[in-house]
Amino acid sequence: MSLFLVATPLGNLEDLSARAKRVLGEVKAVYCEDTRRTRGLLTHLGLSTSLLRYDDHDDRELDRMRERLRRGDDLALVSDAGTPVLSDPGLRIVAAARADKVPVISVPGPCAAAAAVAASGLPGDSFVFMGFLPRSSGKRRKALGAAAVLEKTLVVYESPFRVVEMLEDAVAALGPDCQAAVCRELTKLHEEWLTGTADEVRGVLAGRAEILGEFVVVLHPSTKP
């Protein structure tokens with residue numbers, strides 16, 4: 001009995017590891033955020049593994065999954081893209097498995113935060129992953145300001161609906177010299193990078209009639225890499 005945390009492609013299906021494919025084919029069931037999306041991945045791989053939806057807020061499904069692990073089933077948990085638990089569902093079942101002495105095995109692979117930092121041109125020796133920031137401007141500025149004192153690279157996930165406002169808050173919290181490397185649709189067909197000061201990147205995005213895609217925002221309060 002084991003719980004496998006399987007990292008899945010951010011966009012490009014070629015990024016799935018051979019080990020991940022093997023595990024997804026061997027486990028009793030794969031738990032995921034969106035069965036339609038993950039079914040597409042399994043179909044692409046030629047796999048017919050049982051597929052079930054997992055939600056950190058669904059106590060009944062959590063209990064059923066926990067019982068299956070106790071009975072000896074090997075199960076896999078995936079997110080829609082990237083590594084489970086990192087700004088994605090999975091924390092409660094991982095904590096429960098640990099409490100039940102069930103082995104939790106990470107099958108590493110794509111991670112948007114790590115991929116973005118590596119390609120950003122900003123310091124990657126030490127960084128702070130902040131995930132999705134609060135929705136309100138005041139709380140975002142407070143969170144960014146608190147992290148700024150560490151003088152490290154900051155990594156934020158953001159939606160197309162709030163990325164402009166988030167960058168405005170970054171300028172206010174981190175200063176006008178704050179450097180930014182903003183990636184849209186990482187590893188996908190329309191991958192795009194915008195670099196410069198946070199205010200410069202904000203201006204480019206604010207000038208667009210429509211903003212599409214998911215964003216990874218890499219920030220550094222210093223002008224010196």
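A short reminder: the numbers here are calculations on the coordinates, not readings from a lab. Only a predicted model underlies this, so the values are computations on that prediction, with no experimental measurement involved. A quick note on method: Cβ atoms are made from the backbone with ideal geometry, for glycine too, and the neighbour counts reach across all protein chains shown.
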Lysines near LYS139 by alpha-carbon distance under 26 Å, same-chain residues fewer than 8 away left out - which ones? LYS152
Of the options LEU154, SER136, LEU189, report the single residue whose Cα projects farthest towards the positive end of the charge dipole of region 112-220 (beta-carbon charges: Lys, Arg +1; Asp, Glu -1). SER136
Length gained if ASP34 through ASP73 is fully extended, taking 0.36 nm per residue and subtracting the Cα-Cα distance, is 11.9 nm
Please give the contour-minus-distance gain from ALA119 to ALA95: 0.36 nm per residue of separation, less the Cα-Cα distance, rounded to one decimal in nm. 5.4 nm
Would you mind putting 39-51, 109-121 in packing order, based on average other-beta-carbon counts within 10 Å, highest first? 109-121, 39-51
Where both residues lie in region 82-225, what percent of DSSP beta bridges are antiparallel, nearest 5? 75 percent
Extension gain, HIS44 back to SER87 (0.36 nm per residue minus Cα-Cα distance, nm): 13.0 nm
Calculate, for ASP55 and SER137, the FRET efficiency according to 1/(1 + (r/R0)^6) with r their C-beta to C-beta distance and R0 30 Å; round to the nearest 0.05. 0.55
Rounded to the nearest 20 Debye, what is the dipole magnitude of the chain about its Cα centre when Lys and Arg each give +1 and Asp and Glu each give -1 at the C-beta? 640 debye
Total charge dipole magnitude, region 3-107, about the Cα centre, Cβ charges on Lys, Arg, Asp, Glu only, Debye to nearest 20: 380 debye
Which entry in (i) 16.9; (ii) 18.7; (iii) 18.3 matches Kirkwood radius over Cα pairs in Å derived from the coordinates of this structure? (ii)
Sorted by Cβ neighbour density within 10 Å, fewest at the top, the residues LYS21, LYS101, LYS139: LYS101, LYS139, LYS21
Beyond 24 Å, what share of the Cα-Cα pairs of region 3-107 remains, rounded to the nearest whole percent? 14 percent
Sorted by average packing, counted as other Cβ atoms within 10 angstrom per residue and highest first, what order do 59-69, 86-96, 23-33 take? 23-33, 86-96, 59-69
Would you mind computing, in nm to one decimal, how far apart the modelled labels at PHE129 and LEU205 are, each placed 7 Å from Cα along Cα→Cβ? 2.0 nm
Treating only Lys and Arg (+1) and Asp and Glu (-1) as charged, each at its beta carbon, one finds that region 124-225 has a dipole about its Cα centre, in Debye to the nearest 20, of 360 debye
